[in-house]
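Undergrad: For reference, the structure I am asking about is given below.
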Amino acid sequence: MSRKYSLQGLIVVLFAVVLVSGCATQSASSPEKIQRALAVDASTSVDQYILGATDVVSVSVWRNEDLSISVPVRPDGKISVPLVGDVQASGRTPEQLASAIRSSLSEYIREPQVSVVVTSMGSHEFTDRVRVTGAVRQPLSIPHRSGMTVLDIFLNAGGANEFAALNNAMLYRKFEGEVVAIPVELGDILNKGQVRTNYLMRPGDILTVPERSF
């Protein structure tokens, strides 16, 4: 009998461990990392379009129609420009790309005037989206909009379900080559009007609302 009860006790313990592990949430990043990741809100404009693979750009060189082209950004992030050859496009704004082409063309043309227009924005279809997962009524993935906050996207997801641990929500943001976990107190935002953690969303952000531990 004792061996039977010992086996049952072991099963209960193992079940409890699995349950706790499943309900555990990732711990927050260090205060220093969080501060740096949030500081990008004030220091970087999300309105600047950054070129990426599959974008299509129209390069115009004034009075040189034979050098004016419309090309897609290749998977390696470059475009091919007459006379110049390959030019890095991915990771640059259209203005920065135009400046790079202008600098290279100046070896062949006196004071070239170059403009770059994005005619197809394929690269940002997924990278510029923001997402909500976890204990919400409708997990969501939508395009980022300037001025969008944590509360905005949470409400877009229909709010929380009955199992949500609102004050344990986490905002995940890619920054400096890693993912920074930023605590969000959704319960205080909704119920107390304390908007300290109602952060501005950035392209690529993921808001996760965990379930309560029972």
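Undergrad: Restricting attention to region 122-143, and to residues there that are assigned to a loop (DSSP other than H, G, I, E, B) and polar (S, T, N, Q), which single residue is modelled with the lowest pLDDT? Show your work before the answer.
TA: If we filter region 122-143 for residues that are assigned to a loop (DSSP other than H, G, I, E, B), which is where we start, we get 122-123, 128, 135, 137-139.
Keeping just the survivors that are polar (S, T, N, Q) gives 123, 138.
Values: SER123: 82, GLN138: 96.
Here the answer is SER123.
Undergrad: Here is a further query. Pairs needed: first member in region 178-205, more than 17 Å from ASP128 (Cα to Cα) and in contact (Cβ under 8 Å) with a residue 12 or more places away in the chain; second member anywhere, of a type in the set (A, V, I, L, M) and open to solvent by 60 Å² or more (accessible area, probe 1.4 Å); C-beta distance under 9 Å; at least 6 residues apart or different chains.
TA: Every condition considered, the pairs that remain are ASP188/VAL195; ILE189/VAL195.
Undergrad: Another question, then. Hey, among ALA53, ALA37, ALA24, ALA42, which residue is at pLDDT below 95 and touching a Pro at 6+ places or on another chain (Cβ under 7 Å)? Can you show your working first?
TA: Values: ALA37 fails: touching a Pro at 6+ places or on another chain (Cβ under 7 Å); ALA24 fails: touching a Pro at 6+ places or on another chain (Cβ under 7 Å); ALA42 fails: touching a Pro at 6+ places or on another chain (Cβ under 7 Å).
Going through ALA53, ALA37, ALA24, ALA42 in turn, the sole match is ALA53.
Undergrad: I've got another one for you. Please state which of the following conditions MET148 fails to meet, knowing it meets all the rest: (1) over 24 Å from PRO203 (Cβ atoms); (2) buried (at least 16 other Cβ atoms within 10 Å of the Cβ).
TA: If we test MET148 against (1) over 24 Å from PRO203 (Cβ atoms); (2) buried (at least 16 other Cβ atoms within 10 Å of the Cβ), just (1) comes out false.
Undergrad: Let me ask something additional. Of a type in the set (Asp, Glu), assigned to a loop (DSSP other than H, G, I, E, B) and open to solvent by 50 Å² or more (accessible area, probe 1.4 Å), is that true of GLU32? Can you show your working first?
TA: Working: of a type in the set (Asp, Glu): yes; assigned to a loop (DSSP other than H, G, I, E, B): no; open to solvent by 50 Å² or more (accessible area, probe 1.4 Å): yes.
Answer is no for this residue.
Undergrad: Could you check LEU151 against (1) at pLDDT below 95; (2) of a type in the set (A, V, I, L, M, F, W, C); (3) part of a helix (DSSP H, G or I) and say which number it fails?
TA: Exception for LEU151: condition (1).
Undergrad: Another question, if that's okay. Quick test of your reading of the structure: THR119 fulfils all but one of (1) open to solvent by 50 Å² or more (accessible area, probe 1.4 Å); (2) part of a loop (DSSP other than H, G, I, E, B). Name the failing condition by number.
TA: (2)
Undergrad: Right, something else. Return a yes/no flag: does region 175-188 have any residue that is assigned to a loop (DSSP other than H, G, I, E, B) and modelled with pLDDT of 95 or more.
TA: Residues of region 175-188 assigned to a loop (DSSP other than H, G, I, E, B): 176-177, 185.
Then keep just the ones that are modelled with pLDDT of 95 or more; that gives 185.
Yes: region 175-188 contains one or more residues that are assigned to a loop (DSSP other than H, G, I, E, B) and modelled with pLDDT of 95 or more.
Undergrad: Let me ask you something else. Can SER141 be described as exposed (fewer than 14 other Cβ atoms within 10 Å of the Cβ) and either free of Cβ contacts under 8 Å to residues at least 60 places away in the same chain or farther than 11 Å from ARG202 by Cα (or both)?
TA: It is true that SER141 is exposed (fewer than 14 other Cβ atoms within 10 Å of the Cβ) and either free of Cβ contacts under 8 Å to residues at least 60 places away in the same chain or farther than 11 Å from ARG202 by Cα (or both).
Undergrad: Please list, ordered by first then second residue, the pairs with beta carbon atoms under 8 Å, 6 or more apart or interchain, first in region 76-94 and among the acidic types (Asp, Glu), second at pLDDT 95 or above.
TA: Note: pairs meeting the criteria are ASP86/LYS78; ASP86/ILE79; ASP86/SER80.
Undergrad: Continuing with the same structure: If I go through region 100-116 residue by residue, how many of them are surrounded by 15 or more Cβ atoms within 10 Å (Cβ to Cβ) and among the acidic types (Asp, Glu)? I'd like the intermediate steps shown before the answer.
TA: Initial filter on region 100-116 (surrounded by 15 or more Cβ atoms within 10 Å (Cβ to Cβ)): 100-102, 104-105, 109, 112, 114-116.
Add one more test, that the residue is among the acidic types (Asp, Glu), and what stays is none.
Number satisfying all stated conditions: 0.
Undergrad: When TYR172 is evaluated against the numbered criteria (1) open to solvent by less than 20 Å² (accessible area, probe 1.4 Å); (2) closer than 24 Å to SER213 by Cβ, which criterion, by number, is the only one it fails?
TA: Exception for TYR172: condition (1).
Undergrad: So which residues in region 70-99 are open to solvent by 20 Å² or more (accessible area, probe 1.4 Å) and either charged (D, E, K, R) or assigned to a helix (DSSP H, G or I) (or both), if there are any at all? So that I can check it myself, show each step before the final result.
TA: At the first step, the residues of region 70-99 found to be open to solvent by 20 Å² or more (accessible area, probe 1.4 Å) are 70-72, 74-76, 78, 80, 82-86, 88, 90-92, 95-96, 99.
Across region 70-99, the qualifying residues are ARG74, ASP76, LYS78, ASP86, ARG92, GLU95, GLN96, SER99.
Undergrad: If you check ARG102 against the conditions, is it without any contact (Cβ under 8 Å) to a residue 40 or more places away in the chain and part of a loop (DSSP other than H, G, I, E, B)?
TA: Details: without any contact (Cβ under 8 Å) to a residue 40 or more places away in the chain: yes; part of a loop (DSSP other than H, G, I, E, B): no.
So ARG102 fails the test.
The values are calculated or read from the model by the stated rules, or taken from the named source; none is laboratory data. In this text, all values refer to a predicted model and were calculated from it rather than measured experimentally. Glycine also receives a Cβ, built like all others from the backbone with ideal geometry; neighbour counts cover every protein chain displayed. Accessible surface is based on the protein model in full, side chains and every heavy atom, while ligands, DNA and RNA are left aside. Shrake-Rupley method; radii C 1.70, N 1.55, O 1.52, S 1.80 Å.
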